[in-house]
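So the structure is just underneath, and the comments pick up after that.
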Amino acid sequence: VNRPEIILAPGPTPIPPEVLLAQANPLVYHRGPGFGALMTDVTARLKELYRTKDADVLLMTSSGTGGLESAIQNCFSPGDEVLVPLAGFFADRWRQLAEAYGLTVHAVEEPWGTRLDPSKVAAALAEHPGTKAVLLTQSETSTGVVQPIEDLARVANEAGVLVVVDAVSSLGAVPFAFDDWGIDVAVGGSQKALSASPGIAFVAISERAWAATEVAANPRFYFDWRIYRRFAELRHPENPWTPAISVLQGLQAALQLYFQDGVEAAMRRHEMLSRAVKDGVRALGLDLFGEGLEDNWTVTAIRAPEGLDADSISDRIRADFGCVLAPGQGPLKGSVFRIGHFGYFSELDIIRGLAALEMTLERLGYPVKRGAAVAAAEQVFQEAATP
Ligand SMILES: *Cc1c(COP(=O)(O)O)cnc(C)c1O
């Protein structure tokens, strides 16, 4: 039988029926009042999610990486110096993007799984006084670590450099405060914690970042923020190019769902699901990977047990149960596998994933006490449900 896959991976995440139905609706033509209202609504809700009053939020048709590329194009010129703390796969994407546009990258290299130390970033900024920006990744999806963006932004602001944040896998799942933390650019994506389809990137842009845009000499066209802003200021706001209208219709429904319960409830849910996954896999005797586990509400990175290849776990659970986990990336390939738990997940989604993991490990010859992970997760859920 051909059942839908059970996705427990860090994006795309499961899409609720309301969102699927909204994106199956007839298209709203992308120039005119209908689309203008859609764009206005989506933008207003995203601003609330970013916690910004003053920043502009632009919507672009691309995956999250396009949003990151737009930041490099719009804020910098060839030869500009940027600081990139490296502790995982997505931080390294910032480095690659910056180098592709001829920027000079000062890397602060830490082992994968490190929770960054703001004082080290401050020291690196002091060592490179010509630095124009620090490029950060809030949720380092490859290791599960949620970086202390508030503290990192503080040292960057003290040094007077722009703070550019990849919040693609964290926005909506963990706290974020664009204005209060002094962020200049923050990039998000439709297919992560908001549980819409892939295809829309969004970028919040501060006054300081707009000023950088005016002098930036990097080549740009499709992602030129100035053109997006011009079209967003029309009486009926538009995108300059034909956007992924259906995805936007779905994203609007996803944001409606998200705000029905509110941001606080979403944060509490992510914390609870994260704890359930972590307690569950620990109950099987597995070790977790990465620092700052208490704060890592987006992704849980798990060390494969001694003698077992991590890829064989993610391959087998998919083959036997249609359950999609994420394999290890980079140096973690083969030794770590990951469970994504941001987005539209319920308690029972987690329970069935943990049950499938127990059976998979047993089939691969790792001794498990059947039901141990499920029981540990239930414990978390029951505690959370008790007032
Ligand atoms: C998913 C993700 C992205 C964007 O990936 P796309 O495939 O381009 O959408 C960027 N950064 C992080 C941290 C991510 O998890």
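General remarks:
- Inside segment 175-196, residues that are in contact with a strand residue (DSSP E or B) (Cβ under 8 Å, 6 or more places away or on another chain) and within 12 Å of the ligand (Cβ to nearest atom) make up a count of 7.
- Residues that are surrounded by 18 or more Cβ atoms within 10 Å (Cβ to Cβ) and aromatic (Phe, Trp, Tyr) occur in segment 71-79; there is at least one.
- With respect to the conditions (1) touching a residue at least 40 places away in the same chain (Cβ under 8 Å); (2) part of a helix (DSSP H, G or I); (3) buried (at least 20 other Cβ atoms within 10 Å of the Cβ), Asp179 falls short on a single one, namely (3).
- Residue pairs meeting the criteria (Cβ under 6 Å; at least 6 apart or on separate chains; first more than 24 Å from Gly188 (Cα to Cα), in segment 1-26; second more than 16 Å from the ligand (Cβ to nearest atom) and not in a strand (DSSP E or B)): Arg3/Gly322; Glu5/Gly322; Asn25/Gln249
Quick grid of which residues meet (1) within 19 Å of Ala356 (Cα to Cα); (2) aromatic (Phe, Trp, Tyr); (3) touching a residue at least 24 places away in the same chain (Cβ under 8 Å):
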site	(1), (2), (3)
Trp297	no, yes, yes
Pro305	yes, no, yes
Leu308	yes, no, yes
Ile317	yes, no, yes
Asp320	yes, no, yes
Val324	yes, no, yes
Pro327	yes, no, no
Ser335	no, no, yes
His341	yes, no, yes
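- Segments classed as helices (runs of 4 or more DSSP H), wholly inside segment 7-113, with at least 3 members that are within 16 Å of the ligand (Cβ to nearest atom) and aliphatic (A, V, I, L, M): 64-75, 89-100
- Filtered residue count, segment 275-305, keeping only those that are within 11 Å of Ala376 (Cβ to Cβ) and of a type in the set (A, V, I, L, M, F, W, C): 5
- Flag: Gly130 matches the condition of being at pLDDT 95 or above, more than 16 Å from the ligand (Cβ to nearest atom) and in contact with an Asp or Glu (Cβ under 6 Å, 6 or more places away or on another chain).
- Residue in segment 139-148 that is more than 12 Å from the ligand (Cβ to nearest atom) and either under 12 Å from the mean Cα position of the chain (by Cα) or not in a loop (DSSP other than H, G, I, E, B) (or both) present: no
- Check on Pro331, over 23 Å from Gly172 (Cβ atoms), touching a strand residue (DSSP E or B) at 6+ places or on another chain (Cβ under 7 Å) and of a type outside the set (A, V, I, L, M, F, W, C): no
- Odd one out for Tyr228, checked against (1) more than 16 Å from the ligand (Cβ to nearest atom); (2) surrounded by fewer than 22 Cβ atoms within 10 Å (Cβ to Cβ): (2)
- Of the residues making up segment 202-225, those that are touching a helix residue (DSSP H, G or I) at 6+ places or on another chain (Cβ under 8 Å), in a loop (DSSP other than H, G, I, E, B) and more than 16 Å from the ligand (Cβ to nearest atom) are Ser206, Ala216, Asn218, Pro219, Arg220, Asp224.
- If you go through segment 260-294 and pick out every residue that is over 23 Å from Tyr366 (Cα atoms), in contact (Cβ under 8 Å) with a residue 24 or more places away in the chain and assigned to a loop (DSSP other than H, G, I, E, B), you end up with 2.
- The lone criterion from (1) of a type outside the set (Ser, Thr, Tyr); (2) farther than 21 Å from Val299 by Cα; (3) in contact with a Phe, Trp or Tyr (Cβ under 6 Å, 6 or more places away or on another chain); (4) near the ligand (Cβ under 10 Å from one of its atoms) left unmet by Gly199 is number (3).
- Gly262 being over 18 Å from the mean Cα position of the chain (by Cα) and either of a type in the set (Ser, Thr, Tyr) or surrounded by fewer than 18 Cβ atoms within 10 Å (Cβ to Cβ) (or both): yes
- Going through (1) more than 17 Å from Leu332 (Cβ to Cβ); (2) aliphatic (A, V, I, L, M); (3) out of contact with any His (no Cβ under 8 Å at 6 or more places or on another chain) one by one, Val277 falls short only on (3).
- Scope segment 331-348; condition buried (at least 18 other Cβ atoms within 10 Å of the Cβ) and over 20 Å from Leu293 (Cα atoms); matching residues: Tyr344
The values are calculated or read from the model by the stated rules, or taken from the named source; none is laboratory data. These numbers come from a predicted model, not from an experiment. Note that we place each Cβ from the backbone using ideal geometry, even for glycine, and neighbour counts take in every protein chain shown.
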